[in-house]
1. Could you list Lys236, Lys32 in order of exposure, starting from the residue whose Cβ has the fewest other Cβ atoms within 10 Å?
2. Using the number of other C-beta atoms within 10 angstrom as an exposure proxy, rank Tyr249, Tyr149 with the fewest first.
3. If Lys and Arg each add +1 and Asp and Glu each add -1, what is the summed charge of the other residues whose beta carbon sits under 9 Å from the beta carbon of Leu170?
4. Calculated FRET efficiency, Asp224 and Glu253, Cβ-Cβ r, R0 22 Å, to nearest 0.05?
5. So if I take the centroid of the Cα atoms in the stretch 211-230 and the same for the stretch 86-156, what is the distance between those two points in Å?
6. Quick one: 3J(HN,Hα) in Hz for the stretch 135-149, Karplus 6.51/-1.76/1.60 with θ = phi - 60°, rounded, Gly and Pro as x.
7. Under the 0.36 nm per residue contour assumption, what length would be gained going from the current alpha-carbon distance of Gln29 and Asp157 to full extension?
8. Within 14 Å, Cβ to Cβ, of Gln93, how many net charges do the neighbouring residues add up to if Lys/Arg are +1 and Asp/Glu are -1?
Amino acid sequence: MVTADDMARQVGDQLAGEFRTRMRTVLLQQPKEWLAEQLLARLPSPYAPPAEAASGRAAGAEAAADGGRAADTESDADRARRRERVRAWKLCQDGLHERVPRLRSWTRGRLEAEGLLLDPPPKGGALIGPGHRSPAGEALLTEAKDLLYALLFGDADDAVDLLRAERELLTLTMPRAKCHAVGFILRAATEIGAVGTWQDPAGRAHDERAANLLVQVEYGETGDELVGSGIAASLKLINDLEVNERVLYARMENVEESTLD
């Protein structure tokens with residue numbers, strides 16, 4: 001006699017086959033660079049010794065349980081170097097007024113035309129690696145990331161002197177596989193899992209059901225909202241030089257009540 005459990009298993013087998021077929025069709029429509037990036041992100045390092053590899057697997061499991069934070073956040077050494085570079089700026093209002101328009105002037109077209117981007121993958125595809133950036137492009141990316149850090153987290157210990165008058169909330173939506181590009185944000189942010197629903201009309205870079213991450217972090221804004229302008233300019237450059245999304249979704253809004261001082 002056929003039971004309900006037997007029927008459920010039969011339906012499950014049929015759905016599994018249908019899922020595999022449809023998933024294969026969708027994957028075949030994606031850019032090769034994106035597929036390669038997805039596969040590489042899932043491979044363990046072949047150079048790790050056995051003990052380190054086991055530790056890495058344990059860390060990976062812990063990261064998965066915590067939404068992947070451990071794998072993506074910036075190391076203490078990298079963070080220390082970033083803070084040293086920011087301290088050397090002695091960033092103040094005047095310095096920020098000079099820096100923001102200069103960074104904002106860089107467009108994707110200009111980056112390619114002036115040789116800072118070298119034959120990068122198409123927008124919406126894989127991350128742009130160091131091989132697609134000139135030394136000047138690498139330096140500009142570092143500056144954009146350092147400025148983003150300074151505007152979000154910089155204080156007197158970082159020689160950042162800005163008259164922050166109110167609290168704002170940055171909400172950034174990124175593909176989960178690309179979040180390590182802004183790992184320095186993840187150490188002091190709230191992470192929320194999300195699923196993408198956007199589809200590219202040209203059929204080149206769908207975000208349908210893609211694993212995304214919503215990152216939220218509070219920061220201090222100045223009365224002229226120059227910090228927000230700097231954050232926007234930095235994120236645009238980071239996207240153009242590395243993240244490589246067609247649209248990098250970022251929203252900044254006033255926080256009426258904050259848990260921060």
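1. On the way: Lys236 18, Lys32 10.
Ranked by crowding around the Cβ, least crowded first: Lys32, Lys236.
2. Details: Tyr249 15, Tyr149 23.
Fewest-to-most ranking of Tyr249, Tyr149: Tyr249, Tyr149.
3. Numbers: positive: Arg251; negative: Glu168, Glu218, Glu253.
Combined, the nearby Lys, Arg, Asp and Glu give -2.
4. Numbers: r = 17 Å, r/R0 = 0.78.
For R0 = 22 Å, the calculated efficiency reads 0.80.
5. 17
6. Once θ is set to phi - 60°, the couplings for the stretch 135-149 become x, 5, x, 5, 5, 5, 5, 4, 4, 5, 5, 5, 5, 4, 4 Hz.
7. Details: separation 128, 0.36 × 128 = 46.08 nm, distance 4.91 nm.
Working it through step by step, the gained length comes to 41.2 nm.
8. Working: positive: Lys90, Arg99, Arg164; negative: Asp94, Glu98, Asp161, Glu221, Asp224, Glu225.
The answer is -3.
Readers should treat all values here as calculations from the given coordinates under stated rules, not as data from a laboratory. The shown structure was predicted, so the numbers you read here are calculated from the model rather than taken from an experiment. Don't worry about glycine lacking a Cβ; one is built from the backbone with ideal geometry, like all the others, and counts go over all protein chains shown.
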